[in-house]
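Asks: I am attaching a structure below and will ask some questions about it afterwards.
The values are calculated or read from the model by the stated rules, or taken from the named source; none is laboratory data. Bear in mind that the values here come from a model prediction, so they are computed numbers and not experimental data. Virtual Cβ from ideal backbone geometry, glycine too; neighbours counted across all protein chains shown.
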Amino acid sequence: MRAILVLVIFLWGINPTIMKIGLVHIPPVPYNALRMFFAVATSWVIVKFTGSYEKIEAKDFKRLFRISLFGFFIFQLCFTIGVNRTTAGNASLILGTLPITVALINRLLGIEKINHKMVIGIILSVIGVVLIIMGSNKTFGFSINHMKGGMLILIAQIAYGYFTVFSKEVAQKYNNSLVMAYIVTITAILFTMVSAPKIIAMDWMNIPLAGWLSNAYSGIIAVCICNVLWVLAVQKIGSTKTALYNNIQPVFAILTGYMVLGEPFGFVQLIGAITIFIGLYVTRKNKETPQVMK
């Protein structure tokens, strides 16, 4: 399961670099809407291919709607707006606190037990993210506009934490591919409703191939396939431990930026990456199946 998670984080880590190529040709909101359409189509192809379709009970559909609305949709909406209103450093640091959010939700609701090794692993992974940001010259911003953007990113991060924790319950009853297909579809409908004017105003016919390929990767791989595997990991090893792997993402993002875009990669970033992996190693001796609080 760890190998699958590392693959997921690698695919997410190179996603920002690929997205930058597409965002040259497509504004952020239409870009996000289009990649959601790619994700919806792919998710139902996976359901068809795996033969995992089954009727969802009404009470479970209500759960899926809540997970979609308060989790995936709010994440997509707030992240899209917030990332353009604050610095990359602010966004990366706030997103790096996802393991803390997931651990707090689990602890407060008594879903998973958080032991001292998990706490140490979370602290080390967040420190590693800070070091990577500092070493990459992704400055922190404290202007009013940056603070507003940071708040939106924080809301997005909390929403993804909500999605991470509560998707487990539904995924234990239904196939994770089917769960993600419903979540992505509901999210796409909600996102289209709030961004319809910008979608309609977009000149889709003049988007070059690079824009389409960038969007297809982001929708098919980053939004659909990676989240299907993410939900599977949550089901298998628990949401707290899964969330820790999120903090490897800046490592892959920095390395990709260094190799493709010529962005800096230095000693401080290397120490940050090592710190993150030490944090993950600390949690390795825990059992794969999370303990449930009684």
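Asks: Only one of LYS55, LYS62 is loosely packed, with under 15 Cβ neighbours inside 10 Å and closer than 16 Å to SER167 by Cβ. Can you tell me which?
Replies: Sole residue among the options that is loosely packed, with under 15 Cβ neighbours inside 10 Å and closer than 16 Å to SER167 by Cβ: LYS62.
Asks: Related question: Restricting to the stretch 52-75, give me the number of residues that are touching a residue at least 60 places away in the same chain (Cβ under 8 Å), of a type in the set (D, E, K, R) and not in a loop (DSSP other than H, G, I, E, B).
Replies: 3
Asks: Another question about this same structure. Taking the conditions exactly as written (more than 24 Å from GLY51 (Cα to Cα), buried (at least 19 other Cβ atoms within 10 Å of the Cβ) and touching a Gly at 6+ places or on another chain (Cβ under 6 Å)), does SER218 satisfy them or not?
Replies: The answer is no for SER218.
Asks: Provide a single number: the residues in the stretch 174-207 that are assigned to a loop (DSSP other than H, G, I, E, B) and surrounded by 13 or more Cβ atoms within 10 Å (Cβ to Cβ).
Replies: 4
Asks: Pick from ALA216, ALA188, ALA222: which is within 19 Å of LEU98 (Cβ to Cβ) and touching a Phe, Trp or Tyr at 6+ places or on another chain (Cβ under 9 Å)?
Replies: Going through ALA216, ALA188, ALA222 in turn, the sole match is ALA222.
Asks: Contact list please: Cβ distance under 7 Å, first residue in the stretch 1-30 and closer than 20 Å to LEU213 by Cα, second residue assigned to a loop (DSSP other than H, G, I, E, B), pairs at least six apart or on different chains.
Replies: HIS25/ILE207; HIS25/PRO208; ILE26/ILE207; PRO28/ASN84; PRO30/MET202
Asks: It is to be established whether one or more residues within the stretch 220-227 are at pLDDT below 95 and at positive phi.
Replies: Looking for residues that are at pLDDT below 95 and at positive phi, one finds none in the stretch 220-227, hence no.
Asks: Report, by residue number, each residue of the stretch 7-28 that is among the β-branched types (Val, Ile, Thr) and surrounded by 15 or more Cβ atoms within 10 Å (Cβ to Cβ).
Replies: VAL8, ILE9, ILE14, THR17, ILE18, ILE21, ILE26
Asks: For LYS117, are the conditions met, namely being modelled with pLDDT of 90 or more and either surrounded by fewer than 18 Cβ atoms within 10 Å (Cβ to Cβ) or not aliphatic (A, V, I, L, M) (or both)? Step through it out loud before you land on a result.
Replies: Values: modelled with pLDDT of 90 or more: no; either surrounded by fewer than 18 Cβ atoms within 10 Å (Cβ to Cβ) or not aliphatic (A, V, I, L, M) (or both): yes.
Criteria not met by LYS117.
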